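The values are calculated or read from the model by the stated rules, or taken from the named source; none is laboratory data. What you see is a predicted model; the values in this text were computed from it and never measured. Here Cβ is always computed from backbone atoms with ideal geometry, including for glycine, and neighbour counts include all displayed protein chains.
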Amino acid sequence: MQRLLFCLMVLPLYALLAAAPAGAEAQHGVAMYGQPALPATYQNFPYVNPQVKKGGRIAYGVVGTFDALNPFVLKGMRTTARGIWDPDFGNLFYESLMTRSAGEPYSLYGLLAESVEMDDARSYIQFNLNPKAHWHDGQPVTADDVIFTFQILQQKGRPPFSSRLNTVAKMEKVGERSVRFTFNDKADRETPLLIAFATPILPKHAINPDTFEQSSLTVPIGSGPYRIKEIRPGERITYQRDDGYWGKDLPSKRGFDNYDEISISYFLQESSLFEAFKKGDVDVYPEGDASHWLRAYNFPAANNGDVVRETFTSEKPTGMLGFVFNTRRPIFADAKVREALTLAFDFEWVNKNLYGNAFKRSQSFWQNSALGAYGYAADDRELNLLGQAREKIAPEILAGTYTLPISDGSGADRNVLRQAVALLSQAGYSINDGRMVDAQGRPLSFEVMTQNEGQEKMAVAYQRTLRLIGINMTIRTVDDAQYQARSNSFDYDMIVKSYTSTLSPGLEQFNRWGSASRDQAGSFNYAGVASPDIDRVLTSMVNARSQEDFQAAVRALDRLLVAGHYVVPLYYNPEIWVARWKHIARPEKTPLLGYQFPVWWDARVQ
């Protein structure tokens, strides 16, 4: 604790005395590759309604509970109230130095920082704070706040916030309102952008370092467009728009933050949430269940047009949903066992009987994207990057022609199950007295942990097919709190998880697949992956200087993940479904990255 306080007091003083290094020309935005699409004179993002009439309210709903207001520490990672720092509903309370445009693959524009300076080598980045930026209590956002934020998150934050300074050789205050980060040899091309938009800036004057990591519902101080109006622990949090919000006239905020009041209610079950939506207690309902989308909207408000159902398409990859093997468990250490269990899942039966054939089978972690390996043969650039690792990858995966088997849809396809049994035989298993056992007679048996009824239905279908070849898979459905706690500590054999994908994968992939994250509590490395080949490709991906090198690295990563059989791929939907009450309006244009709730508004406001 003394060391932390010493750093907090001495480092800013040292920085004040340090000579400010020469800087590059100040810019209004940065992009991962090339230049941002919008000029310095832009007035708003192209996917917003800049003339929107602000006011009214919106009610969101989620499944789960909450008991904290700090999502940046391990204790509050899964149980912080939504909206504080939120990719779906918006960062209502805290803000970052820059903000991302959903209309471009990976471009950032000014927010707390009105401009940025960075050299071509990206050896440093300097943020020049907007002099208008202030906290909810009226205190200005300062360079000392920025420095304090990164230091306390390094000391007491959770991953990935705790690791932001690992790539920083020096952090210093430059003048009265600028902060410069100079990077070390661990940094890559994405590092400056993660510093810019993926870390919240916190108020130094309003945070006690001694209690920062503790879970609490004490209302903090932020700089965002909303203040917390009411907290009902575990039930609802309500935000009220701050009329004195400093950034309301910024080009990057024009058309955002359109409601006077935002509430987020919590429900124990998805069915309860949907019933609340039907009654009008919740205004929008993102739909992820195909059979539900087809069959559940025969109620008066939907029939008379008061509830609007919309289908969106997105140009971003569809990602990967699947049963995830915990390879920390000895039973899943052999890739042949994982491949056999992957083959045994009868997607065709599940898709027909549970989802009305609404989905397609996922073949890639970057499905429907040029970044994915599916449908693309590895070129020389990618083969050179893979090196000796390509010898471990099946030829059809390298050729981009690999697909999971298509069953007869019976749930008991003998040809497919025969392939699975053959792979298990290569791994030392055989069927003895109706049970799949290893050479020591130990049965192949494991548990899948599910979170809701939809996951449980898929698991039951999987269980039934595995039973045909002597494999005992049990199912345990747990509540949200237990699911998150066990996910954080990797206390499961198999789990259902969704890996979202973007057009700009970066350091978050280390947190999913990197060796260093394998045993790091709270990481997203649910599969327990620790592969030098994957580590090397990840490093190449984040250090790529051209789009061609970047694409080759992502495809190489995709091939390694598919070849590793870490996940039983389930399905994807090329469409995005959202139901809303008609008084919630939206812009006509949908951005590249899909619909954005923070730019919708209450049409009842006149």
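Annotations
- Test: ASP480 is touching a Phe, Trp or Tyr at 6+ places or on another chain (Cβ under 6 Å), surrounded by 18 or more Cβ atoms within 10 Å (Cβ to Cβ), among the charged types (D, E, K, R) and not assigned by TED's automatic domain parsing to the domain that holds ARG78: no
- Subset of segment 23-45 (residues that are of a type in the set (A, V, I, L, M) and in a strand (DSSP E or B)): VAL30, ALA31
- If the condition is being farther than 29 Å from ASP413 by Cα and either small (Gly, Ala, Ser) or outside any loop (DSSP other than H, G, I, E, B) (or both), then segment 336-371 contributes SER369, ALA370.
- Failed item in (1) surrounded by 21 or more Cβ atoms within 10 Å (Cβ to Cβ); (2) part of a strand (DSSP E or B); (3) out of contact with any helix residue (DSSP H, G or I) (no Cβ under 8 Å at 6 or more places or on another chain), with PHE127 passing the rest: (3)
- For segment 499-520, the criterion of a residue being closer than 21 Å to GLU447 by Cα, in a loop (DSSP other than H, G, I, E, B) and in contact with a strand residue (DSSP E or B) (Cβ under 6 Å, 6 or more places away or on another chain) is satisfied by no position.
- Of all residues in segment 65-88, those satisfying the criterion of being among the aromatic types (Phe, Trp, Tyr) and within 18 Å of the chain's Cα centre (by Cα) are PHE72, TRP85.
- Segment 238-267, residues that are within 26 Å of the chain's Cα centre (by Cα), surrounded by fewer than 21 Cβ atoms within 10 Å (Cβ to Cβ) and small (Gly, Ala, Ser): SER265
- Qualifying positions in segment 432-460 - surrounded by 17 or more Cβ atoms within 10 Å (Cβ to Cβ) and among the hydrophobic types (A, V, I, L, M, F, W, C): MET436, VAL437, LEU444, PHE446, VAL448, MET449, MET458, ALA459
- Residues satisfying the stated conditions in segment 446-484, i.e. at pLDDT below 95, out of contact with any strand residue (DSSP E or B) (no Cβ under 8 Å at 6 or more places or on another chain) and in a loop (DSSP other than H, G, I, E, B): ASP479
- Just one of (1) touching a residue at least 12 places away in the same chain (Cβ under 8 Å); (2) closer than 21 Å to GLN455 by Cα fails for ASN357. It is (1).
- Residue in segment 300-315 that is closer than 30 Å to LEU466 by Cα and either touching a residue at least 40 places away in the same chain (Cβ under 8 Å) or not aliphatic (A, V, I, L, M) (or both) present: no
Per-residue answers, yes or no, for (1) crowded, with 18+ Cβ neighbours inside 10 Å; (2) under 14 Å from LEU321 (Cβ atoms):
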| site | (1), (2) |
| --- | --- |
| ARG464 | no, no |
| LEU468 | no, no |
| MET473 | yes, no |
| ARG476 | no, no |
| VAL496 | yes, yes |
| SER501 | yes, yes |
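- Here the condition is being hydrophobic (A, V, I, L, M, F, W, C), outside any helix (DSSP H, G or I), surrounded by fewer than 21 Cβ atoms within 10 Å (Cβ to Cβ) and assigned by TED's automatic domain parsing to the domain that holds VAL73; of ALA187, ALA169, it holds for ALA169 alone.
- Scoring ALA333 on the criteria (1) in the same structural domain as LEU557 (by TED's automatic domain parsing); (2) in contact (Cβ under 8 Å) with a residue 12 or more places away in the chain; (3) not acidic (Asp, Glu) leaves a single failure, condition (2).
Residue-wise test of (1) β-branched (Val, Ile, Thr); (2) outside the structural domain of ASP480 (by TED's automatic domain parsing); (3) under 30 Å from ASN543 (Cβ atoms).
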| site | (1), (2), (3) |
| --- | --- |
| ARG177 | no, yes, no |
| LEU193 | no, yes, yes |
| VAL219 | yes, yes, no |
| PRO251 | no, yes, no |
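- Pairs, first on the phi > 0 side of the Ramachandran plot in segment 387-411, second among the polar types (S, T, N, Q) and assigned to a helix (DSSP H, G or I), C-beta under 7 Å, six or more apart: GLY411/THR465
- Test set (1) surrounded by fewer than 17 Cβ atoms within 10 Å (Cβ to Cβ); (2) of a type in the set (A, V, I, L, M, F, W, C); (3) at pLDDT below 95 - PHE299 fails condition number: (3)
- Scope segment 564-586; condition part of a loop (DSSP other than H, G, I, E, B), modelled with pLDDT of 95 or more and either under 27 Å from MET458 (Cα atoms) or touching a helix residue (DSSP H, G or I) at 6+ places or on another chain (Cβ under 6 Å) (or both); matching residues: HIS565, TYR566, LEU570
- Scoring ASN91 on the criteria (1) closer than 22 Å to ASP144 by Cα; (2) within 19 Å of the chain's Cα centre (by Cα); (3) modelled with pLDDT under 95 leaves a single failure, condition (3).
- Breaking point among (1) within 25 Å of the chain's Cα centre (by Cα); (2) of a type in the set (A, V, I, L, M); (3) more than 20 Å from GLY64 (Cβ to Cβ), for VAL284: (3)
- Residue check, PHE597 closer than 21 Å to PRO105 by Cβ, in contact with a Gly (Cβ under 8 Å, 6 or more places away or on another chain) and not assigned by TED's automatic domain parsing to the domain that holds THR191: yes
- Of the residues screened, GLU396 is not one that is buried (at least 17 other Cβ atoms within 10 Å of the Cβ) and either hydroxyl-bearing (Ser, Thr, Tyr) or over 24 Å from GLU508 (Cα atoms) (or both).
- Members of segment 528-545 that are under 25 Å from ASN488 (Cβ atoms) and small (Gly, Ala, Ser): GLY528, ALA530, SER531
- Restricting segment 350-389 to residues that are among the basic types (Lys, Arg) and in contact with a helix residue (DSSP H, G or I) (Cβ under 6 Å, 6 or more places away or on another chain), the residue that is surrounded by the fewest Cβ atoms within 10 Å (Cβ to Cβ) is ARG381.
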